[in-house]
1. Can you compute the label reach from residue 224? Point 7 Å from Cα along the Cβ direction, backbone N cut-off under 12 Å, restricted to region 129-154.
2. Where in region 77-109 does the amide nitrogen come within less than 13 Å of the point 7 Å from the Cα of residue 204, taken along Cα to Cβ?
3. Would you mind ranking 85, 191 so that the residue whose beta carbon has the fewest other beta carbons within 10 Å leads the list?
4. Most fluctuating residue of 163, 35, 125 in a GNM of the chain with Cα springs under 10 Å: which is it?
5. Would you compute, from DSSP H runs of 4+ residues alone, the mean residue ellipticity of the chain at 222 nm, taking -39500 (n - 2.57) per run and dividing by the full residue count, rounded to the nearest 500?
6. So what is log10(I(q)/I(0)) for region 50-135 at q = 0.11, 0.17, 0.23 1/Å, when the Debye sum runs over its Cα atoms only?
7. Just check region 77-179 against the gyration tensor rule for me: Cα atoms, a ≥ b ≥ c as the square roots of the eigenvalues, rounded for a/c under 1.5, and otherwise prolate or oblate depending on whether a/b exceeds b/c.
8. If you build the convex hull over the alpha carbons only and average its shadow over all orientations, what do you get for region 2-181? Give it in nm² to one decimal.
Ligand SMILES: [Zn+2]
């Protein structure tokens, strides 16, 4: 783990990047942002999983976003999680940057309603609440006061992310919400072990009886009505996609 502190101002914001070692965008964004002037806030950038970055893998021992709060003397990622949480002490706002192989629009992920305030300051339309059964209470978002993760496409340009992060920092400073209404979803399960995704697209409604996957040449049909997300992400083993439902209450 490496921290870079920069910027001046009354508000403090932490930015976590590369919690997954093969997602370099977070590291790149922190390094580029640290050279900018007039951010208006004190920023702590945390380049999290340096050990996994070195070997260009998602993680060394265990998924770095499924082992919080970590352990002082644990394995590589448990130690990282422990140190990251220590660095986040005193930070109300935490933005955790990820990238995904899934072809889907920029998506804010939260695991707790208390992060809604920060989520609303980010000019991104898609907002997804992960229920406890998915991240098992062990994601970084489960800990700091208002922590959001943002998932960007694998090929997203760092300048695009920087623009969004800067707009969010401005909204934090001014206590304003972003002028982008939210499409809100709740993830309640995963579609797993049913072969390869077929005929489905991220955020496009799947109805009961619609084909969703192919398994050994056999077409699998959905037993539920849901919105698929994270189709194509390689970080989740034996998962075709996550199953999300629209949530009016969150928006
Ligand atoms: Zn990630």
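1. 131, 133-134
2. Under cut-off, by backbone N: 103-104.
3. Details: 85 15, 191 23.
Result, fewest neighbours first: 85, 191.
4. 35
5. It lands at -5500 deg cm²/dmol.
6. Log10 of I(q)/I(0), two decimals: -0.37, -0.89, -1.31.
7. Values: a/c = 1.44, a/b = 1.17, b/c = 1.23.
Judged from the Cα gyration tensor, region 77-179 comes out rounded (a/c under 1.5).
8. Working: hull surface 37.6 nm².
If you wrap the Cα atoms of region 2-181 in a convex hull and average its projections, you get 9.4 nm².
Bear in mind these aren't lab numbers, they're just calculated from the coordinates by the rules spelled out. In this text the structure is predicted, and so the values were computed from the model without any measurement. Neighbour counts run over all protein chains shown; Cβ positions are idealised from the backbone, glycine included.
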